[in-house]
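S.K.: Take this structure first; my questions come after.
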Amino acid sequence: MRLLLDTNIVVWMLRTPDRLSRVVEAALNDEANVLLVSSISIFEIALKRSVGKLDVGDGVLTRLEQIGCVSLPLNDRHSWRVSDLPWIHRDPFDRLIVAQALEERATLVTSDRVLSLYGCATMLN
């Protein structure tokens, strides 16, 4: 299964893995699953780190690679898909990640229950 990790899940993996549910933790550790991390999440983490709102330490990209995460760059199809999304959620980062999940037919792993209202496959933490 292709799992697209929402930003909060990425942060919890790096900082507080005990916040992950047993179901999510098992899915993340299942080698049959592909763990996708959006470039949007990397940007959001970097932005929050740069203004002092988030401490994830150094070497985030290396740590994600060591865990086995695969980068999912934002492309034109993802960006355009946002124009078709209803205004359920106002956060532009979340809207882009939902668009990526829909376009890539990936299961979105998140703790934000509102995101499941977009109709993409979700695994809730």
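S.K.: Does segment 102-125 hold any residues that are polar (S, T, N, Q) and out of contact with any Phe, Trp or Tyr (no Cβ under 9 Å at 6 or more places or on another chain), and which are they?
M.R.: To start, the set of residues in segment 102-125 that are polar (S, T, N, Q) comprises 107, 110-111, 116, 122, 125.
Once the filter is applied, which keeps residues that are polar (S, T, N, Q) and out of contact with any Phe, Trp or Tyr (no Cβ under 9 Å at 6 or more places or on another chain), segment 102-125 yields Thr107, Thr110, Ser116, Thr122.
S.K.: Take segment 1-15 and flag every residue that is open to solvent by less than 70 Å² (accessible area, probe 1.4 Å) and outside any loop (DSSP other than H, G, I, E, B).
M.R.: Of segment 1-15, the ones open to solvent by less than 70 Å² (accessible area, probe 1.4 Å) are 3-14.
Those that are open to solvent by less than 70 Å² (accessible area, probe 1.4 Å) and outside any loop (DSSP other than H, G, I, E, B): Leu3, Leu4, Leu5, Thr7, Asn8, Ile9, Val10, Val11, Trp12, Met13, Leu14.
S.K.: Hey, another quick one. Search segment 100-125 for residues being among the hydrophobic types (A, V, I, L, M, F, W, C) and assigned to a helix (DSSP H, G or I), and hand back the single one that is farthest from Leu5 (Cα to Cα).
M.R.: Pass one, segment 100-125, residues among the hydrophobic types (A, V, I, L, M, F, W, C): 101-102, 106, 108-109, 114-115, 117, 120-121, 123-124.
Remaining after also requiring assigned to a helix (DSSP H, G or I): 101-102, 114-115, 117.
Numbers: Ala101: 9, Leu102: 13, Val114: 15, Leu115: 12, Leu117: 17 Å.
Here the answer is Leu117.
S.K.: Also, I was wondering about something else. For segment 2-45, give me the residue count where each residue is among the polar types (S, T, N, Q) and either in contact with a helix residue (DSSP H, G or I) (Cβ under 7 Å, 6 or more places away or on another chain) or over 18 Å from Val60 (Cα atoms) (or both).
M.R.: To start, the set of residues in segment 2-45 that are among the polar types (S, T, N, Q) comprises 7-8, 16, 21, 29, 33, 38-39, 41.
Right, trim to either in contact with a helix residue (DSSP H, G or I) (Cβ under 7 Å, 6 or more places away or on another chain) or over 18 Å from Val60 (Cα atoms) (or both) and you get 7, 21, 29, 33, 38, 41.
Looking only at that region, the number is 6.
The values are calculated or read from the model by the stated rules, or taken from the named source; none is laboratory data. From a predicted model like this one, the values you see are computed outputs, not experimental measurements. Every residue, glycine as well, gets a Cβ built from its backbone with ideal geometry; the counts of neighbours run over all protein chains shown. What goes into the accessible areas is simple: the full protein's heavy atoms, side chains included, and nothing from ligands, DNA or RNA. Shrake-Rupley method; radii C 1.70, N 1.55, O 1.52, S 1.80 Å.
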